[in-house]
1. Just give me the residues in the stretch 44-79 being open to solvent by 50 Å² or more (accessible area, probe 1.4 Å), more than 16 Å from residue 25 (Cβ to Cβ) and assigned to a strand (DSSP E or B), in sequence order.
2. Before we move on, is residue 82 modelled with pLDDT under 90, surrounded by fewer than 16 Cβ atoms within 10 Å (Cβ to Cβ) and in contact with a Phe, Trp or Tyr (Cβ under 6 Å, 6 or more places away or on another chain)?
Amino acid sequence: GLEEITPKPVQDTGNILKQGYLEKRSREHSFFGSEWQKRWCVLSRRTFYYYANEKSKQPKGIFSIEHYSARLAFHLRKDSRKRCCFELICPGKRTYE
């Protein structure tokens, strides 16, 4: 679970495989539907962190990627970014879009 992972600033996560901006769909729905939020994302060997921006000290979210898999998900958007959409999925856990 999330409680097993200690939040760390981006620069201290170690073993960073990839990092950069992604747009993440929020879980809350507004009048216009789900909102896409730009987040600074950091993927380490075991953990996915997301931050408000690259200068943030504390992550807005964090989860272990163990048992998660990724799949393309063109259906998530109708605009020019649809070819870049993917989902992180794990049975019984939150799906990240």
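1. Within the stretch 44-79, just 69 meets the criteria.
2. Answer is yes for this residue.
The values are calculated or read from the model by the stated rules, or taken from the named source; none is laboratory data. Every value quoted in this text rests on a predicted model; they were computed, and no experiment measured them. Every residue, glycine among them, receives a Cβ derived from its backbone with ideal geometry; neighbour counts consider all protein chains shown. The accessibility values were calculated without ligands, DNA or RNA, using every heavy atom of the protein model including side chains. Shrake-Rupley method; radii C 1.70, N 1.55, O 1.52, S 1.80 Å.
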